[in-house]
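One structure below.
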């Protein structure tokens, strides 16, 4: 009985002492309008990866998430605090998934920022929540113009403060393909096939607009459905417009079927074929029928580029990736996610105040730091405009001359476009 | 184990099955992926839980005796332990064969997850260079011990066995529900406690022991809660029974109303989604469970409701955008929902059960593809969907997906409405007509029931409920895309109805909670987000298991359950009330 | 009985007028819609617009090839329905297992060189292994998941088969990876067009001809098997009446297994033809063709084998030709996207005109539910 009372007394005194220590030390900084996150001594700084890691788009989301993992490893600690990304969250590549995942994120008050989403549809539903909660989200692969701005100073319908991205804005890619086709290749009549995906539909529409603005004609604008295998009908529909080029930003396997079956369609023998970054993957580039295809996409010649914050180059990253995960990345946006992660960590570092080992990170401060950020990433120079477009807007077009050597094909740049 | 002797053939067969299950779990990458998720810090990962859970279970089962009337019952002996250990050992050996095979041959050309990385995980070694023989032995040893433990469970008292199961279960559940538990604790300002219990989402050792002890204690208490409720609900008098069901539902409702403010926004979100699926489940229950019409395209009505509401409220609706407040759209949603119900219902009204299934499935796809198509894009936005849907204006605020607590209230209100409609209809003239029609349509018709009107009314009521769900869904999401309305949703709703217990309102609720709330829907996360990509695989296993073990559903309709366990099951002939002989007759190959 | 049926008829006649009116309106509307679309397309064609005559020919052949595959899969649905009376949703996944096996075998032969040096032998081996795999999968599924449910109401095995379908599909996804798998290119003679009968205008793709030929041979073989052999006769007897078949000394369980095996074999052949035709296989390859084959089986009259084949071929044709033939005539943009709308609308229309499918028997009144 006596001993118990004794221990209670000791515990009480200890608690008092702790309170005294906390009060007696330096004052914590005043929180900004969005509040601040307090990270106790020895605790980890919480960020999250929020990518499409399941389902048919996981070939895009998984390299994104691994990019985040490797960037956290390379960046090291921030003012003595380790960084944790917890369990990778899944955006399910859908609005439903985006909203629910965002709910998971904002319900944890320790999370400062998010790297994701993989899909634009998910970002649109996630951002209202993320923005309201004062968090930031940086995406490595959202390209929808609706998420940022028209690049001429007008915010788009789904823009919310706190949204940033290192991927390019699709307004450019559509324009880049149109200019390449019209000016470089002399194309005047184009057929377009999308697959009903938000992304391919947006890019196809952007291309159509830009191509027609230049004076070209889009004779047939049509679509297949995901899961279709027989492309005879759609290609016949395209052939009926007697185009001299076909633009199709579809994903494998649909684009594989298109490439394999186009040879048997009368009138499509000499048509120039252009795909986009969705098909800039080994799975398509290596089939024999992919020879001669053009692909627009982000500049993927980042081998020698170094991230100025970690000193890691594209080649270093790839070898680390392969030794860790036993395979090469299946989509090119790992670099964008890697740079996005270092951006976020740098912004946290810049806006953090250390008070006796406890870190205070001001949420508004993180946004300010991101708005002002300037660094060299694997993807090239990174600075953010007023609506969160931070990446290099350089679009390249490659021509696949060597399906047997995919790496060489990816390096074979025939056109560059910078707005 | 007839005559108390070991049935070695059964032991070997079970052991091989255990081995196959473990190899399969490894080969699909579950062990490796789940290994990242610790359950108890430094002791157990979810990966090894997934790998080994089946060992003690199978080892226990192998000692089960089929007790028939008049047979001599043998008391369990130490042989149970030996049999269990043997089962575990055989399984472990099969698994270690896999380890060596992966090392000797490169199987990744076919089985992508059989990588050196897996061997590393399985053999507890740092490098994958050579098979760690000690690691393999440990693997077999663990498996054997777990098998022996499983077999040994026969030797202990029923009470102690239950306590052991509860102990393990409590630890796993508390670790897996980390998200929820820590959020509840935070609501009460106990952030420090969260840190004391969990590290990296896993239980720390001391709290794990405390939780285990609690589980042990709870497991030791006399069971009865569940069976008492069951007994309470199983009143032989039908009106009493429904009244009692309603009472239980009311209690659940009160809990649900208080819940969001205690559970936090994440759980409210999950509850809101569950509510929307439950609403659709209740609607489909009217069509399938009451009227016996197998509708595989139910998502079409959900889509129609969502798009109607979106077009009328969103400023970005491409063709027609009156920007009404959400409330005003409800009558329109109801009317259009009813019309679409009639439109789908009339052509299929003369079709037999399975023809009905594929035609409704077709209608579901037609609706989805139409909303998706470029042809209809000038009206509905095509693949770009309709964005900037403003949410529900409530005077003081506009409720959208950012306020899952309020969305949950709306979902709960609609669910109550649907439950009330179901209840009222079932006990009305229409409901009796449905029952008669489900049992035998011809007889029903001769008895003077207007089957056309009955069928159509089921379609219309179902369609209205689903389209109301769609209207709420669009306000919640803020933007809708055709991808939200795929065929899989129709199938999942049907599964909710049947796994829960067809024809029973509480059953459907149980189905929705388990399948959507806990596991998560095809594009909706549930409580157990850990299962992530393996969700649909687990769904499949649960479905098959449920149908084989408990075909009447979680909370069965008393009447249907009686039918199912009746000898002349085949006479029930669920759909279209066609006796099975006739079915076979018209299905003769040409 | 007769009087009951008559009573029902009388009741129906008195009540169902407005339903009939609706259905008639639907029938007339559909005919008008199709006719106007056809006229529009013909006007376009005569005016030199739209697809050329060669293109139409290729569309028809493409539709036939795809339809032949649908027909082969539909046989499995129809047979299982005939014998057990439920929709086996997992049948699409049986087909996928055949296609997946074909991919692995073809890549293996490509690596060893047999694919190039002796393509015919390689192809035969691919088809045999795909058929074997699919048969084994079908029989295993029956044994594990359906046999315990032999006497359950029909919705129970239906839900079980949905579960089996999820399980097989995602097992394949995680075991073999989610990426699309490209089947190696067949030799060039198979990719080029052949001039059939030396007519000049009948130059058709050799792959598609081969696929159609193999499918036709398999269907004839199956038909002969069911009609002429002892086992086939017992299958028909079991489908007619299980109890009486058992009394006649037929082993019902074994017959049901045979049904699943034969249906699985057909799906396996379809899987290898699919792999040859489209040269791409992934874990969800079985999903859409499965649903289409189910549609085809209903279109032809479920339970009727000739109907299943006919339904498959017609569905393939509708899909391949329909959008351009009818919708394009209306000037609807992006018609290829509406392919499945055409397919399912065709199903609805056929059933509006003939409620039991094309070759389904007219049900007597009291059998109809």
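For this structure, a couple of remarks:
- Residue within region C:181-197 that is facing chain B (nearest Cβ under 10 Å) and either part of a helix (DSSP H, G or I) or in contact (Cβ under 8 Å) with a residue 60 or more places away in the chain (or both) present: no
- Helices (runs of 4 or more DSSP H) lying entirely in region B:195-268 (those with 3 or more residues that are modelled with pLDDT of 75 or more, surrounded by fewer than 15 Cβ atoms within 10 Å (Cβ to Cβ) and more than 14 Å from chain A (Cβ to nearest Cβ)): B:205-220, B:238-263
- Residue check for residue C:334: over 28 Å from residue C:148 (Cα atoms) and out of contact with any helix residue (DSSP H, G or I) (no Cβ under 7 Å at 6 or more places or on another chain): yes
- Set B:296, B:351: member being without any contact (Cβ under 8 Å) to a residue 12 or more places away in the chain and surrounded by 21 or more Cβ atoms within 10 Å (Cβ to Cβ): B:351
- Residue check: residue A:304 meets all listed conditions (1) part of a helix (DSSP H, G or I); (2) more than 16 Å from residue A:140 (Cβ to Cβ); (3) modelled with pLDDT under 90 but one, namely (1).
- Among the residues of region B:534-557, the ones that are over 12 Å from the mean Cα position of the chain (by Cα), more than 8 Å from chain C (Cβ to nearest Cβ) and at pLDDT below 85 come to 5 in all.
- Test: residue in region A:73-83 that is surrounded by 22 or more Cβ atoms within 10 Å (Cβ to Cβ) and in contact with a helix residue (DSSP H, G or I) (Cβ under 6 Å, 6 or more places away or on another chain): no
- Flag for residue C:178 being closer than 24 Å to residue B:488 by Cα, within 14 Å of chain B (Cβ to nearest Cβ) and under 24 Å from the mean Cα position of the chain (by Cα): no
- Among the residues making up region A:32-46, those that are more than 15 Å from residue A:86 (Cβ to Cβ) and either part of a loop (DSSP other than H, G, I, E, B) or touching a helix residue (DSSP H, G or I) at 6+ places or on another chain (Cβ under 9 Å) (or both) are A:32, A:33, A:34, A:35, A:36, A:40, A:41, A:42.
Condition check ((1) within 31 Å of the chain's Cα centre (by Cα); (2) closer than 26 Å to residue C:346 by Cβ; (3) at pLDDT below 95; (4) assigned to a helix (DSSP H, G or I)) across all residues:
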| position | (1), (2), (3), (4) |
| --- | --- |
| B:297 | yes, yes, yes, no |
| B:305 | yes, no, no, yes |
| B:320 | no, no, yes, no |
| B:346 | no, yes, yes, yes |
| B:355 | yes, yes, yes, yes |
| B:374 | no, yes, yes, no |
| B:383 | yes, yes, yes, yes |
| B:388 | no, no, yes, no |
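- Scan of region A:249-275 for residues that are part of a loop (DSSP other than H, G, I, E, B) and in contact with a helix residue (DSSP H, G or I) (Cβ under 6 Å, 6 or more places away or on another chain), ordered by number: A:249, A:250, A:251, A:252, A:265, A:266, A:267, A:268
- Matching residues, region A:147-181, being without any contact (Cβ under 8 Å) to a residue 40 or more places away in the chain and surrounded by 22 or more Cβ atoms within 10 Å (Cβ to Cβ): A:158, A:170, A:171, A:174, A:178
- Within region C:151-180, the set of residues being closer than 19 Å to residue C:254 by Cα and in contact (Cβ under 8 Å) with a residue 60 or more places away in the chain comprises just one member, C:157.
- Within this structure, residue B:521 fails the test of being over 30 Å from residue A:129 (Cβ atoms) and under 12 Å from the mean Cα position of the chain (by Cα).
- Only one entry of B:449, B:505, B:480, B:489 meets the criterion of being within 14 Å of chain C (Cβ to nearest Cβ) and touching a residue at least 24 places away in the same chain (Cβ under 8 Å), and that entry is B:489.
- Among the residues of region C:225-265, those identified as away from every other protein chain (no Cβ under 13 Å) and in contact (Cβ under 8 Å) with a residue 24 or more places away in the chain are C:253, C:257, C:260, C:261, C:264, C:265.
- Taking region A:182-211 as the range and being in contact with a strand residue (DSSP E or B) (Cβ under 7 Å, 6 or more places away or on another chain) and touching a residue at least 60 places away in the same chain (Cβ under 8 Å) as the test, the residues that pass are A:184, A:185, A:187, A:191, A:193, A:200.
- All positions within region C:51-89 that are out of contact with any helix residue (DSSP H, G or I) (no Cβ under 9 Å at 6 or more places or on another chain) and either more than 9 Å from every other protein chain (Cβ to nearest Cβ) or surrounded by 24 or more Cβ atoms within 10 Å (Cβ to Cβ) (or both): C:57
This table checks each residue for (1) more than 11 Å from chain B (Cβ to nearest Cβ); (2) in a helix (DSSP H, G or I).
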position: A:123; (1), (2): no, yes
position: A:151; (1), (2): yes, no
position: A:158; (1), (2): no, no
position: A:161; (1), (2): yes, no
position: A:174; (1), (2): yes, yes
position: A:180; (1), (2): yes, yes
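- Taking region B:449-566 as the region of interest, the helices (runs of 4 or more DSSP H) fully inside it that hold 2 or more residues being in contact with a helix residue (DSSP H, G or I) (Cβ under 9 Å, 6 or more places away or on another chain) and closer than 30 Å to residue C:172 by Cβ are B:487-500, B:505-512, B:535-549.
One line per residue, one yes/no per condition, for (1) touching a strand residue (DSSP E or B) at 6+ places or on another chain (Cβ under 6 Å); (2) over 29 Å from residue B:378 (Cβ atoms); (3) facing chain B (nearest Cβ under 10 Å):
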| position | (1), (2), (3) |
| --- | --- |
| C:271 | no, yes, no |
| C:276 | no, yes, no |
| C:297 | no, yes, yes |
| C:315 | no, yes, no |
| C:335 | no, no, yes |
| C:342 | no, no, yes |
| C:347 | no, no, yes |
| C:357 | no, yes, yes |
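- With respect to being free of Cβ contacts under 8 Å to residues at least 60 places away in the same chain and closer than 16 Å to residue A:167 by Cα, residue A:341 falls outside the description.
- Odd one out for residue A:118, checked against (1) more than 8 Å from chain B (Cβ to nearest Cβ); (2) surrounded by fewer than 21 Cβ atoms within 10 Å (Cβ to Cβ); (3) under 22 Å from residue A:388 (Cα atoms): (2)
- Meets criteria (within 14 Å of chain B (Cβ to nearest Cβ), closer than 25 Å to residue A:142 by Cβ and more than 22 Å from the chain's Cα centre (by Cα)) for residue A:208: yes
- Qualifying residue in region A:133-140 (condition: surrounded by fewer than 24 Cβ atoms within 10 Å (Cβ to Cβ) and closer than 24 Å to residue A:348 by Cα): yes
- Taking the conditions (1) at pLDDT 90 or above; (2) within 29 Å of residue B:455 (Cα to Cα); (3) surrounded by 21 or more Cβ atoms within 10 Å (Cβ to Cβ) in turn, residue B:438 satisfies each one other than (1).
The values are calculated or read from the model by the stated rules, or taken from the named source; none is laboratory data. Since the structure is predicted, the reported quantities are computational estimates derived from the model, not experimental observations. Cβ sites come from the backbone with ideal geometry, for glycine too, and all protein chains shown count toward neighbours.
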